[in-house]
Structure formats: structure tokens, C-alpha cells
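I have placed the structure first, in the form of C-alpha cells, so that the comments after it can refer back to it.
The values are calculated or read from the model by the stated rules, or taken from the named source; none is laboratory data. Quick caveat, the model's predicted, so the values are computed rather than measured. Cβ placement follows ideal geometry from the backbone for every residue including glycine, while neighbour counts extend to all protein chains displayed. Accessible surface is based on the protein model in full, side chains and every heavy atom, while ligands, DNA and RNA are left aside. Shrake-Rupley method; radii C 1.70, N 1.55, O 1.52, S 1.80 Å.
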Protein chains: 4
Amino acid sequence: MDAETRADVLKRLNYIDGHLQGIRKMVQEEQYCVDVMKQAFAVRRAIEKMEAKMLDGHLHHCVADAVQHGDTEEVFGELVELYRLANK
Amino acid sequence: MDAETRADVLKRLNYIDGHLQGIRKMVQEEQYCVDVMKQAFAVRRAIEKMEAKMLDGHLHHCVADAVQHGDTEEVFGELVELYRLANK
Amino acid sequence: MDAETRADVLKRLNYIDGHLQGIRKMVQEEQYCVDVMKQAFAVRRAIEKMEAKMLDGHLHHCVADAVQHGDTEEVFGELVELYRLANK
Amino acid sequence: MDAETRADVLKRLNYIDGHLQGIRKMVQEEQYCVDVMKQAFAVRRAIEKMEAKMLDGHLHHCVADAVQHGDTEEVFGELVELYRLANK
């Protein structure tokens, strides 16, 4: 992972972590479960955005390098696998 | 949220939190971004399982109560909304 | 399924069917694959909306009836299963 | 889209189309809505598999070409966008 992506991802992890602690607090304070579930959805969406950021870095570095070296089978296979797993 | 669901959800939050810290470590150690992304998927799936647990508690308590009291519009509307948001 | 939901779902199926035929035409005309993929996403979203409509009918009829008859285990179990499968 | 991918995608579209007609029949025959919803999930999964097939062809042709020509901004941007839209 390049330095810029890494810094961005670590910042996002802090945010996600804070959001999770907020959910824990809501559960401990016995807030309405539907509201807690909506916050859990929001955390998942924040994780998806972090994944998109990592994918962007991955394409511009690992994938671009691999294509330059004519070594595409593995990286393309991984991308299709990521795509399938992301929806599971 | 009933006590049994709350205890289960808090345990799952601990697990998810530990998993997230593992991702942070992978990022700091500059591990391969595709592997980090797969761990991020796994965290999302763990959150979905926690949501399913909350939904189960919600149905057996809030929804069942509301139906008993003939007061279904709000809870059914919320369930359809949750279903749509969960897929976003 | 109640008559109103059934009529709505059949109308949505017609729309989805027409959308799919549009995708087939795009593929036969060799349009850009990224554009075809975006249309495939749109079809999936239309199917999700149809599911939400069915869920709404299901809650107001089958689930409400089951709760009235104190027969909730099966319908609640199904709802949690639907929720999990919907995200797969 | 290359010829092999196109042939595969058209075959998948036929299958998806047949599956959709099966759902229409289930609705007309007033089958249990939970069973209809599960079939709708299955259609969405079949569409996702078709998307993965298109992505595979896209990577090996359009993306590989673009990287060879040093023209990556657009294709990488599209891939990240596809990834985000796929989860919506």
C-alpha cells in the first residue's frame, strides 16, 4: 500500500473505531434496537468506502505494475475475486 | 433490546473491535492490500451477523408486542426500511 | 400474497424483464462493458425494490396473522433468514 | 466485450430470463411469498455472476489495453466506481 493510501486508511480506521464505540454505548444505554441497527449499517458503509480507497491504491500501484510486466493473470483473478467477495 | 441479545451483541462488538485492530496492524505492517481488503469484508460480515442477532431480538420483543397491541404500522414500516438500508 | 401486492409485483416483473431485454440488446450491439455492468446493477436494484414490496405484503398479512395466533417462531425465523440471504 | 465473454453473457441472460419467468409463474400461482423472495435473491446472485464474468473480460481487454497505452486514469476510476455501485 502506498503511503498516501495508508495514511488515508488509518484515518478511516480511527473513524470507524470511534463509530463502533458509539454503537457500544448505544447498546449499553439500551437505546432502541432499530436505531442501533442503522448505525451498524453506517459502519459497514464506512468500511466499504475504506475498501474503495484501498482498491484505488491497489489499481494504481500493484495492478499497473503487474500489467507493465505482462503479469496480469494473478492480479486480474484477484480483482474478480474481490468483486465477488465484496458482495457476499 | 432484551438482556440476552444485549449480552450477545456486546460480545460481538468486542470481537469486531479486535478484528479491526488486526486490520490496523496489517496496514501499519504494510501487508498486501488485497489481504487487508479481504479482512475488511470479514468485518462487514461479522457486523451483518450482529445485525441479524439484533433483528431477531427486535422481532421477538418490539414487533411481537406491537402486533399484540394492534400497533403494526410503525414497526412494519421500520422493518421494510431496515431491509432496504441493509442492502445499501 | 395479497392481490394488491401481487398486481404490483407482476408490474415490476414486466419492468425488470424489459430492462433485461435492454441489456441483451446492449450486449448484442457490443456496447461498452462498463455501461452494460451499470445496467445490470440497476436491474438488481429493481429486483431489491420488488423484494421490499413483497416483504411489506408478507409482514402485513402472514406475519401479522401468525403473531395474532401466537405462532411466531416460524415467521420470525424466516424473516431473519431472509435478511441474511438478502445480503449474500 | 470480447466474443467469448459476449457468448457467455448471452447464455447467462437466457438463464436469468428463464428464472424470472419462473418467478412470474410462482406469483401468478399464489405461492408463498417467502419462497418467491428467495427465488428473487437467486436471480440477483445470477446477475452478480454475470457481472463478474463481464468484469473479467473487461480487465483482460479494456483495462490491459489502457495500461499498455499508459492511459489508466479513466479505467481505474471506472473500476472503483463499479466497485462502489455494485454494493449499492
Original post:
Can you name the number of the only condition in (1) surrounded by 19 or more Cβ atoms within 10 Å (Cβ to Cβ); (2) of a type in the set (A, V, I, L, M); (3) more than 19 Å from residue A:52 (Cβ to Cβ) that residue B:64 fails?
Top reply: (1)
**OP:** Go through segment C:25-39 and give me each residue that's surrounded by 16 or more Cβ atoms within 10 Å (Cβ to Cβ) and charged (D, E, K, R).
**Re:** C:38
Original post:
Based on what the data block shows, is residue C:30 over 18 Å from residue B:76 (Cβ atoms) and not polar (S, T, N, Q)?
Top reply: yes
Subject >> residue C:7 open to solvent by less than 10 Å² (accessible area, probe 1.4 Å) and at pLDDT 95 or above >> reply: no
Subject >> Residue within segment C:8-20 that is closer than 29 Å to residue D:5 by Cα, touching a Phe, Trp or Tyr at 6+ places or on another chain (Cβ under 8 Å) and not aromatic (Phe, Trp, Tyr) present >> reply: no
Subject >> segment A:71-84 residues that are open to solvent by less than 10 Å² (accessible area, probe 1.4 Å), paired with ones that are modelled with pLDDT under 90 and of a type in the set (S, T, N, Q) (beta carbon under 6 Å, 6 or more apart) >> reply: none
Original post:
If you take the residues in segment D:38-88 that are among the polar types (S, T, N, Q) and within 22 Å of residue C:19 (Cα to Cα), which one is farthest from the chain's Cα centre (by Cα)?
Top reply: D:39
